[in-house]
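The values are calculated or read from the model by the stated rules, or taken from the named source; none is laboratory data. Bear in mind that the values here come from a model prediction, so they are computed numbers and not experimental data. We place every Cβ from the backbone using ideal geometry, glycine too, and count neighbours over all the protein chains shown.
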Amino acid sequence: MTAPLFISWKRYQRRSDVLAEALGAEMVWRPHRATGKLLRPGDYLAHARHDLARIRSDRPPYVVAQTQPHFTALAPHMARVPYVVDAHNGQFQSWWRRVPGTEQVLRGARLVLTHNRAADQMARVAFPGLRTLVVHDPLRRIPPAAPRGWVFIVATAAPDEPMDVLVEAIEALPDVDFATTAPLHKLPEPLRERAARLPNLRTLGFLDLPDYEAALAGARAVVVLTDRDGCQPSGACEALSAGRPLVLSRTRTTEELFGSFATLVPNASAPLAAGIRAALTDEPERGARISAAQHAWVARTAAELAELRSALPARAER
């Protein structure tokens, strides 16, 4: 039997990993080799060429391609293999939606997966009549780990993460220890210097998946920030997978998805610091709320995945 392929042009992304596992697909990671954005087109061309050769050799029944960029789906599109696009919000919220070829690739897919109702609406506005299906991040349980005594910050220093607010909140909580894998060297120089001087912030660097999950699962609480509408933060799903208290930016989407158990805060330093304090206090009902949220999430994604599978071809004999 030939397995489907799931192609992601990243070093690692949890949604892709767990979604590929749920579909029984083989994960293909294609991290960028070019460090400068001006050199990325060469990467895109090389990845597409390699993926096209792989698809023609393996003849998978279908391919799932994570976008943006939409170039990840060029190989199955050119090979005329059934494919699904797992579209991250930037595909519809940023300039990527206007790049030549985007609409052709998206409309050529059997389905375009969106991450939540708000993202699905964005996709339908950007590309009227697009065949979409909402599939929330599947949960894969993260086992308990030895307590680390820190609040774990899930961040990548992306533009939608208010890192200045985070640094100010850490400064306001000198008695609380924090840890993060965020690449703080990417921050603007004044903010980077402030973060480097924080005695209660430990930078862990890049961690392999088992070590990363242990660092998160052993945390007293998890902090995830975003100011992007319609964003379903992977870090929030990780906290739910590990059953850890979560402090999360309040948006309409995060309130809908995580409001039953998370401490939701505006993106300002004082409310964030207060939210962290609240998450660190003992609350008898918190464990039950997290457990109920886990069960509800798993039931919903099971139904979404069943609908997705019904639209896909079965595995083929070699």
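If you take the residues of region 275-318 that are acidic (Asp, Glu) and part of a helix (DSSP H, G or I), which of them is surrounded by the most Cβ atoms within 10 Å (Cβ to Cβ)?
Within region 275-318, the match that is surrounded by the most Cβ atoms within 10 Å (Cβ to Cβ) is 304.
Working carefully through the options 248, 240, 272, find the one that is assigned to a helix (DSSP H, G or I), closer than 25 Å to residue 123 by Cβ and among the aliphatic types (A, V, I, L, M).
240
Going by the structure shown, is residue 238 assigned by TED's automatic domain parsing to the domain that holds residue 88, surrounded by 14 or more Cβ atoms within 10 Å (Cβ to Cβ) and either touching a strand residue (DSSP E or B) at 6+ places or on another chain (Cβ under 8 Å) or hydroxyl-bearing (Ser, Thr, Tyr) (or both)?
no
What is the number of the single condition among (1) within 22 Å of residue 297 (Cα to Cα); (2) of a type in the set (Asp, Glu); (3) modelled with pLDDT of 95 or more that residue 211 does not meet?
Exception for residue 211: condition (1).
Those residues that are surrounded by fewer than 19 Cβ atoms within 10 Å (Cβ to Cβ) and of a type in the set (D, E, K, R), I need them from region 89-106; list them, please.
98, 103
Quick check on region 122-136. Is at least one of its residues at pLDDT 95 or above, within 21 Å of the chain's Cα centre (by Cα) and closer than 28 Å to residue 207 by Cα?
Yes, because at least one residue in region 122-136 is at pLDDT 95 or above, within 21 Å of the chain's Cα centre (by Cα) and closer than 28 Å to residue 207 by Cα.
Name the residue that is nearest to residue 236 (Cα to Cα), counting only residues in region 133-169 that are of a type in the set (Asp, Glu) and in a loop (DSSP other than H, G, I, E, B).
Going through the qualifying residues, I end up with 137.
When you look at residue 137, is it surrounded by fewer than 20 Cβ atoms within 10 Å (Cβ to Cβ), of a type outside the set (A, V, I, L, M) and either more than 22 Å from residue 273 (Cα to Cα) or touching a residue at least 24 places away in the same chain (Cβ under 8 Å) (or both), yes or no?
Here the answer is no, as residue 137 does not meet what is asked.
Quick one: which residue in 142, 170 is in the same structural domain as residue 275 (by TED's automatic domain parsing), of a type in the set (Val, Ile, Thr), crowded, with 16+ Cβ neighbours inside 10 Å and at pLDDT 95 or above?
170
Which residues, counting only those in region 137-168, are closer than 23 Å to residue 229 by Cβ, among the β-branched types (Val, Ile, Thr) and within 17 Å of the chain's Cα centre (by Cα)?
153, 154, 156
Is it the case that region 245-266 has a residue that's loosely packed, with under 13 Cβ neighbours inside 10 Å, farther than 25 Å from residue 134 by Cβ and touching a residue at least 40 places away in the same chain (Cβ under 8 Å)?
Taking every residue of region 245-266 in turn, none turns out to be loosely packed, with under 13 Cβ neighbours inside 10 Å, farther than 25 Å from residue 134 by Cβ and touching a residue at least 40 places away in the same chain (Cβ under 8 Å).
A quick yes/no check of all residues on (1) more than 21 Å from residue 309 (Cβ to Cβ); (2) surrounded by 22 or more Cβ atoms within 10 Å (Cβ to Cβ):
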site: 7; (1), (2): no, yes
site: 16; (1), (2): no, yes
site: 24; (1), (2): no, no
site: 30; (1), (2): yes, no
site: 45; (1), (2): yes, no
site: 78; (1), (2): yes, no
site: 108; (1), (2): no, no
site: 113; (1), (2): no, yes
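Within 22 Å of residue 77 (Cα to Cα), part of a helix (DSSP H, G or I) and in contact with a helix residue (DSSP H, G or I) (Cβ under 7 Å, 6 or more places away or on another chain): does that describe residue 130?
no
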